[in-house]
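Here is the structure we will look at.
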Amino acid sequence: IKEEILGDLSKASLETLTVIAYRHPLSRPEIDYIRGVNSSFTLRNLMARGLVERMEARHGRSHTYQPTVEFMKYLGLSSFSDLPEYNVIKQDIAKGIEKVLENEA
């Protein structure tokens, strides 16, 4: 447990944290869909580190996850717009999800 909290972030943790940072708030199924794998363990690890927090369920749906103030401090950010190419990447993620949904229909 100590290693999970104090060790370096894994590739899966960084990927999950990036998805949440650029697209929050997200439910676990939405995160899993974007990543293509189950994120339960990774989310637990990020919450234990204080980088992600679980919010109350929206409209009877799954809990949602969003970055914490600690995450902002960890990266030295004052707002999410300080993230590299925040608006561009957020739009690219949305377009990618739309394409996947169109292909599945």
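When restricted to residues that are in contact with a Ser or Thr (Cβ under 6 Å, 6 or more places away or on another chain) and either open to solvent by 40 Å² or more (accessible area, probe 1.4 Å) or modelled with pLDDT of 95 or more (or both), region 40-57 contains 2. Considering region 58-85, the residues that are open to solvent by 90 Å² or more (accessible area, probe 1.4 Å), more than 16 Å from the chain's Cα centre (by Cα) and not charged (D, E, K, R) include one that is nearest to residue 20 (Cα to Cα), namely 78. The residues listed here are 23, 49; of these, the one that is touching a helix residue (DSSP H, G or I) at 6+ places or on another chain (Cβ under 8 Å) and closer than 20 Å to residue 101 by Cβ is 23. The number of residues in region 65-81 that are touching a residue at least 12 places away in the same chain (Cβ under 8 Å) and among the basic types (Lys, Arg) comes to 0.
The values are calculated or read from the model by the stated rules, or taken from the named source; none is laboratory data. Only a predicted model underlies this, so the values are computations on that prediction, with no experimental measurement involved. Heads up, the Cβs are rebuilt from the backbone with ideal geometry, glycines too, and the neighbour counts pull from every protein chain shown. What goes into the accessible areas is simple: the full protein's heavy atoms, side chains included, and nothing from ligands, DNA or RNA. Shrake-Rupley method; radii C 1.70, N 1.55, O 1.52, S 1.80 Å.
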